[in-house]
Amino acid sequence: MQYLLKPMLFAVLTVLGVALAIMPAHAQSGRRVLANIPFDFSIGNTTLKAGSYTVEQLESGIIAINSDDSGQHQFALTFPGESDKQNQEPHLIFIRYGNEAFLKSVFLSGNEDCQELPESSRERELIKNQASGGELSLLIQPR
C-alpha cells in the first residue's frame, strides 16, 4: 500500500501542475475590452471607484473586472441573458438606484449574447424599499 502512495501522489501533482499551467494560457484567450466608467459602481457587494477598467470573459459564466487605475480586481459569476438587438457595439449596462449604480449586463461583442450579473443583497434591499431603478448603457472599446 505504501509503495502505491508515492506514484499516485506524483501522478496527482503532475496532473495538477499541468492544469495550472494551462489555465493562465486559456484565461488569456478570453474577450477583453476597455471601459472608462465615470462613476462609482458595485459588483455584488463590492463597490469599485470610477476609472478605467479592463473587462474580460475568462470562462463561460465568469468575467474579470480589473482597474487600470487602482489595481483593484473583481471576479463575477454571470448567467446568459437576452441579446440586445438594438445595440451592436460592445457595452456595459448599469442600473442606478438613487446615487448607487450596479453592473447589470456585459456585452463584450455586439453580436454575442449578453452575460447578466445576479442582483446583490444591497440591490434587493433597494428594490424591496421600492427604489426605482434606471438603466444606463456605456459603450466600451476592444482592447
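The values are calculated or read from the model by the stated rules, or taken from the named source; none is laboratory data. Quick caveat, the model's predicted, so the values are computed rather than measured. Cβ sites come from the backbone with ideal geometry, for glycine too, and all protein chains shown count toward neighbours. Only protein heavy atoms, including side chains, enter the accessible area calculation; ligands, DNA and RNA are left aside. Shrake-Rupley method; radii C 1.70, N 1.55, O 1.52, S 1.80 Å.
Of the numbered conditions (1) at pLDDT 90 or above; (2) more than 21 Å from residue 97 (Cα to Cα), residue 30 satisfies every one except a single condition; which is it?
Result: residue 30 fails condition (1) only.
For residue 105, are the conditions met, namely being at pLDDT below 80 and not in a loop (DSSP other than H, G, I, E, B)?
no
Is it the case, given these coordinates, that residue 84 is open to solvent by less than 40 Å² (accessible area, probe 1.4 Å), over 16 Å from residue 43 (Cα atoms) and at pLDDT below 90? Before you say what the answer is, go through the steps one by one.
Working: open to solvent by less than 40 Å² (accessible area, probe 1.4 Å): yes; over 16 Å from residue 43 (Cα atoms): yes; at pLDDT below 90: yes.
Yes; evaluated as a whole, the condition is true for this residue.
Could you grab me the full set of residues in region 30-52 that are open to solvent by less than 60 Å² (accessible area, probe 1.4 Å), over 17 Å from residue 117 (Cα atoms) and not aliphatic (A, V, I, L, M)?
30, 39, 51, 52
Any residue in region 121-138 that is within 13 Å of residue 102 (Cβ to Cβ) and modelled with pLDDT under 80 sitting within a Cβ distance under 6 Å of a residue that is surrounded by 13 or more Cβ atoms within 10 Å (Cβ to Cβ) and charged (D, E, K, R)? List the pairs, counting only those 6 or more apart or interchain.
134/96; 136/96
Among the residues in region 53-62, are any open to solvent by less than 10 Å² (accessible area, probe 1.4 Å), free of Cβ contacts under 8 Å to residues at least 40 places away in the same chain and of a type outside the set (Asp, Glu)?
Yes, that holds for at least one residue.
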